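The values are calculated or read from the model by the stated rules, or taken from the named source; none is laboratory data. Keep in mind the model is a prediction, meaning the values are calculated, not measured. Positions of Cβ are generated from backbone atoms using ideal geometry, with glycine treated the same way; all protein chains shown enter the neighbour counts.
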Amino acid sequence: MKLHKTFLLSFLLITLFSCKNTAQVNEDQQTVINAEPIEVALENGKAKAYFASGCFWCVEAVFESVKGVEESISGYAGGHTKNPTYEASNTGRTGHAEAVEIIYNPEVVSFSTLVDVYFASQDPTQVNGQGPDRGSQYRSIIFYQNEVQKEIILKKKEALAKKLGKTIAAEVYPFQKFWIAEDYHQNYERLHPENRYIQGVSIPRLRRFQSLMPEILKDKH
């Protein structure tokens with residue numbers, strides 16, 4: 001009986017600690033969602049935009065195929081922890097999603113068009129993932145840096161929901177900080193075309209997008 005009571009007490013303490021931990025995480029994540037957006041200044045005439053939509057290998061390749069996009073960098077955003085890593089992000093406890101930083105020329109491609117690219121390159125109704133990648137670290141998020149961007153995002157999201165007659169899964173967050181992912185994640189699709197995931201998931205996703213918006217693609221040399 002004494003052993004049983006000891007076990008029960010331990011179980012209750014662990015449960016209480018876990019609930020407290022979860023409550024703190026939820027509170028920290030809500031702080032991120034409710035924060036004031038941070039606007040990233042133009043650098044050499046180039047702007048930056050931030051998106052999360054499943055595996056960042058896939059998303060990076062999609063945006064780099066668009067005219068006006070100079071670079072797409074894989075990383076993490078949207079969470080409440082500092083210095084996230086791939087392993088930590090994969091636990092789903094950091095609040096972060098795999099994201100990309102898009103460096104683009106606003107005189108060639110607008111933020112509005114980038115949002116169109118974002119929605120056209122995914123299943124916009126899939127919650128917490130894209131294709132075979134499931135979990136909060138693969139959820140869809142669009143980050144805004146000011147009220148103009150927020151209005152563009154919300155209007156396009158509303159129009160798409162009306163067109164499809166379904167709920168759009170993308171979350172809308174104020175941009176706070178982008179954490180660059182480990183070196184081996186950068187340009188992964190281009191550097192590893194023989195990889196089974198790249199062949200089976202990334203390349204088909206890229207081609208589906210390209211077939212929908214051929215007019216905005218970079219010329220092939």
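Things to note:
- Qualifying strands (runs of 3 or more DSSP E) (wholly inside the stretch 33-152; at least 3 residues being in contact with a Phe, Trp or Tyr (Cβ under 9 Å, 6 or more places away or on another chain) and over 29 Å from residue 163 (Cα atoms)): 69-77
- First in the stretch 207-221 and small (Gly, Ala, Ser), second anywhere and at pLDDT below 95, Cβ under 6 Å, 6 or more apart: none
- The stretch 42-91 - residue that is out of contact with any strand residue (DSSP E or B) (no Cβ under 9 Å at 6 or more places or on another chain) and farther than 18 Å from residue 134 by Cα and, of those, surrounded by the most Cβ atoms within 10 Å (Cβ to Cβ): 80
- For residue 144, the criteria (1) more than 24 Å from residue 89 (Cβ to Cβ); (2) surrounded by 16 or more Cβ atoms within 10 Å (Cβ to Cβ); (3) not small (Gly, Ala, Ser) hold in every case but one, which is (1).
- When residue 157 is tested against (1) surrounded by 16 or more Cβ atoms within 10 Å (Cβ to Cβ); (2) out of contact with any Phe, Trp or Tyr (no Cβ under 9 Å at 6 or more places or on another chain), only condition (2) is not met.
- A count restricted to the stretch 178-221 and to residues that are over 22 Å from residue 103 (Cα atoms) and either assigned to a loop (DSSP other than H, G, I, E, B) or in contact with a Pro (Cβ under 9 Å, 6 or more places away or on another chain) (or both) stands at 8.
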